[in-house]
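Chemist: Before anything else, here's the structure in question.
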Amino acid sequence: MKRFVFAVLFAVALAAIAAAGQVTLRLGNNQPETQVWNVGIRQLQDAVARHSGGRLEIVNYPNATLGAEPELAESCKEGTLDMFIGDPTVGTTFCKELELFALPFLFRDYDHWLKALDGAPGKKYAELIEQKTGLKILAYWGGSARQVISVRREVRTIGDLRGFKLRLAPSKLKTDVWKAIGTLPVTIAFGETYSAMASGLCDGMENELPAILANKLYEPAKNLTLTEHEITVRPMFINADVFNGLDKDIQEALAKAMAEVTPVARKLEQEAGDTARAEMTGKFDVKVFEIDKNPIIQATAGVFREFGESTGLIALIKEFQDFK
């Protein structure tokens, strides 16, 4: 049914382009309209209109309107959706390399994250993904640190995570990482996570704070542990054939708009992380706990190595790690 809807939208978009000499790109994500990606996307919509002289329009479909993240990634790959922003690991069914940024503690800190993604490692990775999937990475958004939230258990040490039923997105690497730590991973769609925690199907989840706040996931899970195991990378994907089919001036307008808005979107997400923590602790009685990260790093070292060997990404992983 969703594929039929995509096809109808695509036909309507083509008709509009032919009639008006304009280009309409459809962008999907799974987050509420208030979440920072969608705030950034609204600025992107203004920027592309300005840089293209009104010829380019981006129509945004937030809140999983066109499907859950795995469906959005697959649709963008197939070209039935033009653009997609989200967790790249949802594309693991068709490209294992999309799991790279789920490696824990790949980046030393936020400054390292910025430099590595905007530098040579980020460009090499984007080229690799485009070759393997037909998905072009226009920019890297994200920048929030992922943390663990728990319904009942106070997670203060790695020992508290042993036997912990942790909700994860469908990703073999994420599953391997958290099994090595000692949890019992449970694959649950993002939109079903609230009810899963409330019903006891899982003990908690790992995610970034703005998403936890926007989706009110703090309501069933009042315990927050600052694992900071991942600084999120949320690529802004576009189907490469769609991009290559655009007139050169439209491509340039899109690139200029993306370059203009990406630093803003990153800052919005970083600020949203601080705001979300303050709001959850101040308004909603969420308790915050620190944890020693070194045992987690040691426990996952083998998974890190195995992923690099199985994907042939050992050299690129090292380049990310060592980039200054």
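The values are calculated or read from the model by the stated rules, or taken from the named source; none is laboratory data. What you are looking at is a predicted structure, and each value in this text was computed from that prediction instead of being measured. Methodologically, a virtual Cβ is constructed for each residue, glycine included, from the backbone with ideal geometry; neighbour enumeration extends over all protein chains shown.
Chemist: Within the group A265, A253, A276, A257, which residue is over 23 Å from the mean Cα position of the chain (by Cα), buried (at least 19 other Cβ atoms within 10 Å of the Cβ) and either under 22 Å from D109 (Cα atoms) or not β-branched (V, I, T) (or both)?
Modeler: A253
Chemist: Here's something else I'd like to know. Is it the case, given these coordinates, that N215 is modelled with pLDDT under 95 and surrounded by 15 or more Cβ atoms within 10 Å (Cβ to Cβ)?
Modeler: Here the answer is yes, as N215 does meet what is asked.
Chemist: Quick one: count up the residues across the stretch 205-216 that are out of contact with any strand residue (DSSP E or B) (no Cβ under 9 Å at 6 or more places or on another chain) and either under 19 Å from I129 (Cβ atoms) or assigned to a helix (DSSP H, G or I) (or both).
Modeler: Qualifying residue count, the stretch 205-216: 2.
Chemist: Turning to a different aspect of this structure: Restricting attention to helices (runs of 4 or more DSSP H) lying wholly within the stretch 217-324, give those where 1 or more residues are of a type in the set (D, E, K, R).
Modeler: 240-244, 248-283, 301-311, 314-322
Chemist: Next question, about the same structure. Which count do you get for residues in the stretch 135-185 that are assigned to a strand (DSSP E or B), among the hydroxyl-bearing types (S, T, Y) and over 16 Å from the mean Cα position of the chain (by Cα)?
Modeler: Adding up the residues that qualify gives 1.
Chemist: Would the stretch 253-269 turn up any residue that is touching a helix residue (DSSP H, G or I) at 6+ places or on another chain (Cβ under 9 Å), modelled with pLDDT under 95 and hydrophobic (A, V, I, L, M, F, W, C)?
Modeler: Looking for residues that are touching a helix residue (DSSP H, G or I) at 6+ places or on another chain (Cβ under 9 Å), modelled with pLDDT under 95 and hydrophobic (A, V, I, L, M, F, W, C), one finds at least one in the stretch 253-269, hence yes.
Chemist: Tell me, yes or no, whether the stretch 217-224 has at least one residue that is closer than 17 Å to V288 by Cα and touching a Gly at 6+ places or on another chain (Cβ under 7 Å).
Modeler: For the stretch 217-224, residues closer than 17 Å to V288 by Cα and touching a Gly at 6+ places or on another chain (Cβ under 7 Å): present.
Chemist: Separate question: Condition test on E306, is it under 26 Å from L173 (Cβ atoms), loosely packed, with under 12 Cβ neighbours inside 10 Å and not hydroxyl-bearing (S, T, Y)?
Modeler: No; evaluated as a whole, the condition is false for this residue.
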